[in-house]
Amino acid sequence: MQELRARMEAAGQGHVFQHWNRLSTEEQERLVVALEGVDLDLVQAHRALLLAPESASHPVLEPPKLFPSAPQGADAERAQLAIARGQAWLSQGKVGYVLVAGGQGSRLGFEGPKGKFPVGPLTGRTLFGWHAARIRAAEIRYERRAPWFVMTSASNDAETRGYFESERYFGLDPDSVHFFQQAMIPALDREGRMVMSGPGELFLAPNGHGGTLDALHSSGLLDRAIEMGIETFSYFQVDNPLARPADPLFLGLHLLEGAHMSSKVVAKSGPMEKVGVLGMADGVLGCIEYSDLPPKLRDATDDQGRLMFRAGNIAVHALQAQFVRELTTDGLHLPWHLARKQMPAVDEKGQTQTIEGIKFETFIFDALARCPHSVTLEVERALEFSPVKNAEGADSPDSCRTHLTELFEGWTRAAHLAAPPRDGSGRALIEVDPCFAETTADFLARMPRQAHPLAGGWLFA
C-alpha cells in the first residue's frame, strides 16, 4: 500500500485515496486492484496531451483515389482479377473475421449488448445473428472454417458469451469463435487527474475502436490467428447488419495492391451528412472529420456533379495480420484523441456531481497513415450500409428494416417474381438469409427456389 500510494502521489494522482477511510474492506480491495491495473505511464502521457497548448493545423486536403462501385473498362478487368484472387484467398482459409461488439443497446432503449438487438424484418434475427449468418455463408461457399474474433467490453462480455452459447453459436463451430475484451482506461478531469466516479471507483472508458488491434495482440489471439495461417483480417462493426466481411472483390483488390490496410466507403448522401470522409491530408491518407472539412471543400463537386469529398467512412476494413503486429508490438502505435464528455465524479466531500471529463480514444482509421499502399473501394450504400445507431429516425431499427426489405424486394424484381406481401405501412414482408444470397447475382443463381411463408411474408433461407 505504501508503494502504491507513493506511485500515485508521484504521478499527481494521490486524490484517489482521499475517501479511503470511508470504504469497506471489500471496497478498498477493489480499488487497490483497479489502481494496480492502471498504466501510469499512459496516464501521464494523456495528462501531458491534455495540458499541452492547442496547435492550429491547416493541412492541404485532397480526395482519395477511389475504386468505383460500378467499374468499367480497365477497372472492370481488374475487378474480375480481384474477385478470382479474393475467392482463392477465402478458399485457402487465409481470412479471419474481426467484429467490434463492445457496445450496449442503451441508445436504442434496449438492455444488453447491442448485438442482441433484433432487426430481422420477419425473423427478428439479431445483429449478432446477421453477422453469424454471413460468416456461416462464407464457410459454406468456400468450404473452409471461418475463424471469428468477437471483441466485447467489460460491460457486455459475460452476456455476449452467454448469448452465443444459448444460440448454439448460430450453427458455427464454437472452437472457431474467439472472444476478447477491449481495454478500459481512466478518464481525466480538466486538471489531468483521474476521475473517480465513486469514493472507491475509477471512471474507466473504452480506448476506442483502434484498441481492437491492441486487444487482439494482448489477448494472444493475434499470434494464434497467424499460427492458424490467417494473413488478412476482415474488420467490421456490430451495428451494420449489411456489412459483407467475406467480399472477394474487396479482399482481392486489397491483395492485388499489396496493401497493408484498405477501406470500404459509401457516397455521402449530401454535403451536410455528418460523417467522416476518407481523404488525403498533406498527402497522408486518413479520415477527415465532418467538422474539419471547410465548406468550400465540403460542397465541391467533380465534372460529373458528384461530391469530391464523398467517401463516407463505414468502418469496414481489410488489414494484414503482420501489419497489425507492427502496430501493436511494444504498445499501440496509433495517436490518441481527446473526447470531452459529461461524466459523474465525486468531490472532496464525497458528493457526486457531473463534470466535464476527458476520455482518450484511438481510431483504427489512423492506421491508414502508416500504409504505403491502400485501396479505397466505393460500395453501394443500399447493399452494404444501414447502421443501427439511434432509437428512431435515420440510422434506426426501423430505417434498417426498411433498407433490408427494399434490398430484398429488388432481388425478387430482378428474378421477375411476383411482388411480396406488404404490411400496413406498405413495407414489403420479405427477408433473405445471407446463406441463401448476399447479392443480386447470388439470388438469381438460387432461383427457382420457393420462399418459405413466415409471419405473412416471404423468407428465403
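The values are calculated or read from the model by the stated rules, or taken from the named source; none is laboratory data. Quick caveat: nothing in here was measured; it's all calculated off a predicted structure. Positions of Cβ are backbone-derived with ideal geometry, glycine not excepted, and every protein chain shown enters the neighbour counts.
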* Structure fact -> All conditions in (1) polar (S, T, N, Q); (2) closer than 23 Å to residue 400 by Cβ; (3) surrounded by fewer than 20 Cβ atoms within 10 Å (Cβ to Cβ) are true of residue 218 except (2)
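Quick grid of which residues meet (1) within 30 Å of residue 312 (Cβ to Cβ); (2) in contact with a strand residue (DSSP E or B) (Cβ under 6 Å, 6 or more places away or on another chain):
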site: 11; (1), (2): no, no
site: 52; (1), (2): no, no
site: 63; (1), (2): yes, yes
site: 66; (1), (2): yes, yes
site: 72; (1), (2): yes, no
* Taking the stated definitions as given, is residue 166 surrounded by 16 or more Cβ atoms within 10 Å (Cβ to Cβ), assigned by TED's automatic domain parsing to the domain that holds residue 348 and among the polar types (S, T, N, Q)? -> no
* Structure fact -> Output for Cβ contacts, cut-off 8 Å, separation at least six or different chains, first residue closer than 15 Å to residue 201 by Cβ in region 1-20, second among the polar types (S, T, N, Q) and surrounded by 15 or more Cβ atoms within 10 Å (Cβ to Cβ), reads 20/28
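Taking residue 383 as the residue in question, decide whether it is surrounded by 21 or more Cβ atoms within 10 Å (Cβ to Cβ), assigned to a helix (DSSP H, G or I) and either modelled with pLDDT of 95 or more or on the phi > 0 side of the Ramachandran plot (or both).
Details: surrounded by 21 or more Cβ atoms within 10 Å (Cβ to Cβ): no; assigned to a helix (DSSP H, G or I): yes; either modelled with pLDDT of 95 or more or on the phi > 0 side of the Ramachandran plot (or both): yes.
When the stated conditions are applied, residue 383 does not pass them.
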* Given (1) in contact with a Lys or Arg (Cβ under 8 Å, 6 or more places away or on another chain); (2) surrounded by fewer than 20 Cβ atoms within 10 Å (Cβ to Cβ), index of the condition residue 327 fails -> (2)
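Please state which one of 344, 335 is under 30 Å from residue 189 (Cα atoms), of a type outside the set (S, T, N, Q) and not in a strand (DSSP E or B). If you could, list the steps in order and put the result at the bottom.
Values: 344 fails: not in a strand (DSSP E or B).
Answer to the selection: 335.
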* Any idea which of (1) closer than 19 Å to residue 88 by Cα; (2) in contact with a Lys or Arg (Cβ under 6 Å, 6 or more places away or on another chain); (3) in a loop (DSSP other than H, G, I, E, B) is the one residue 230 doesn't satisfy? -> (2)
* Say whether the condition of being loosely packed, with under 14 Cβ neighbours inside 10 Å and of a type in the set (S, T, N, Q) is met by at least one residue in region 59-69. => no
* Could you grab the pairs with beta carbons closer than 6 Å, sequence gap of 6+ or different chains, first residue in region 353-376 and outside the structural domain of residue 212 (by TED's automatic domain parsing) and at pLDDT below 95, second one buried (at least 19 other Cβ atoms within 10 Å of the Cβ) and not aromatic (Phe, Trp, Tyr)? => none
* Structure fact -> Just one listed residue, out of 132, 101, 88, is without any contact (Cβ under 8 Å) to a residue 60 or more places away in the chain, of a type outside the set (Ser, Thr, Tyr) and within 20 Å of residue 172 (Cα to Cα), and it is 132
